[in-house]
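> Let me begin by handing over the structure; questions about it come next.
The values are calculated or read from the model by the stated rules, or taken from the named source; none is laboratory data. The model shown is predicted, which means the values in this text are computed figures rather than measured ones. Cβ atoms come from the backbone with ideal geometry, glycine included; neighbour counts cover every protein chain shown.
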Amino acid sequence: MRIDIITCLPKLLESPFGHSILQRAQDKGLVEVVVHDLRAYAVNKKKQLDDYAYGGGAGMVMLIEPIDKCISALKADRPYDEIIYMTPDGETFNQQVANELSLKGNLIILCGHYKGVDERVREHFITREISVGDYVLSGGELAAAVVSDAIIRLIPGVLSDETSALTDSFQDSLLAPPVYTRPVEYKGMTVPEVLLSGHEKKIEEWRFQKSLERTKKRRPDLLDD
Ligand code: ADE
């Protein structure tokens, strides 16, 4: 899989992909993440990327031309399955959307800023609009990193134990059960006996019950379907 991220703040995306699971996924050749500086596609001498909104009002709007040039340059090299725009008024991102996107080949993610992009970009170039939640970030970069992370860890081979993504919270509409590690007792706080029993079936049942209890208590909405 390849993810091309278009941004006017490329520095913001230098770090998230350079560590741990996401770095290893790239080292193994399972995913390529390429960050593009939109300013390289600016069309005037001032390297302008935004302008005042027609009709007035506060806030700048991102220009269509640099975005068009950048997307066209990318599309000239390879086909893309989705061109995603990160925006608070997009569809809300969740595990199901992450699963779906992890099966795609090549993705472009466009990060918005200021008051957003010229509506014609959304109408003509974008195939999918995604929000990471009902709050407004300063720009789409951190949202793009969230979405990319959730997708990349689902690509087969990225996690060393392939089943571990399958036991994540939300994967089967349930929250994950509690987990424990050594020591067996810490300052009088103990690990549930069943986890020490070696009885696989009982452990599985216990985990399922705990998942169910936790979901009923914290996220009953997940059980509605
Ligand atoms: N850009 C600003 N806020 C955002 C959000 N909540 N989701 C996606 N992109 C955004």
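> How many residues are in contact with a Pro (Cβ under 8 Å, 6 or more places away or on another chain) and farther than 16 Å from ALA150 by Cβ when one looks only at region 1-38?
The number of residues fulfilling the criteria is 4.
> Right, something else. Go through SER131, SER102, SER160, SER173 for me and flag whichever is away from the ligand (no atom under 13 Å from the Cβ) and touching a Ser or Thr at 6+ places or on another chain (Cβ under 9 Å).
Going through SER131, SER102, SER160, SER173 in turn, the sole match is SER173.
Residues checked against (1) under 13 Å from the mean Cα position of the chain (by Cα); (2) more than 15 Å from the ligand (Cβ to nearest atom):
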| site | (1), (2) |
| --- | --- |
| LYS45 | no, yes |
| GLN48 | no, yes |
| GLY55 | no, yes |
| PRO79 | no, yes |
| ASP89 | no, no |
| GLN95 | yes, yes |
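> Let me ask something additional. Quick test for you: out of THR215, THR181, pick the one residue that is within 34 Å of the chain's Cα centre (by Cα), among the hydroxyl-bearing types (Ser, Thr, Tyr), within 23 Å of SER169 (Cβ to Cβ) and not in a loop (DSSP other than H, G, I, E, B).
Going through THR215, THR181 in turn, the sole match is THR215.
> Determine which single condition LEU49 fails, assuming it passes every other condition in (1) surrounded by fewer than 15 Cβ atoms within 10 Å (Cβ to Cβ); (2) in contact with a Lys or Arg (Cβ under 8 Å, 6 or more places away or on another chain).
(1)
> Further, regarding this structure: Among the candidates ARG128, ARG39, which residue alone is among the basic types (Lys, Arg) and farther than 21 Å from LYS11 by Cβ?
The unique qualifying residue is ARG128.
> Say we look at region 1-33 and pick out the residues that are loosely packed, with under 12 Cβ neighbours inside 10 Å and modelled with pLDDT of 95 or more; which of these is nearest to TYR80 (Cα to Cα)?
The qualifying residue nearest to TYR80 (Cα to Cα) is GLY29.
> Could you check region 59-77 and list, in sequence order, the residues that are of a type outside the set (Val, Ile, Thr) and within 16 Å of the ligand (Cβ to nearest atom)?
Correct list: GLY59, MET60, MET62.
> Which residue is modelled with the highest pLDDT, if the candidates are limited to region 157-196 and must be surrounded by 10 or more Cβ atoms within 10 Å (Cβ to Cβ) and more than 27 Å from LYS217 (Cα to Cα)?
Per the criteria, the residue is PRO183.
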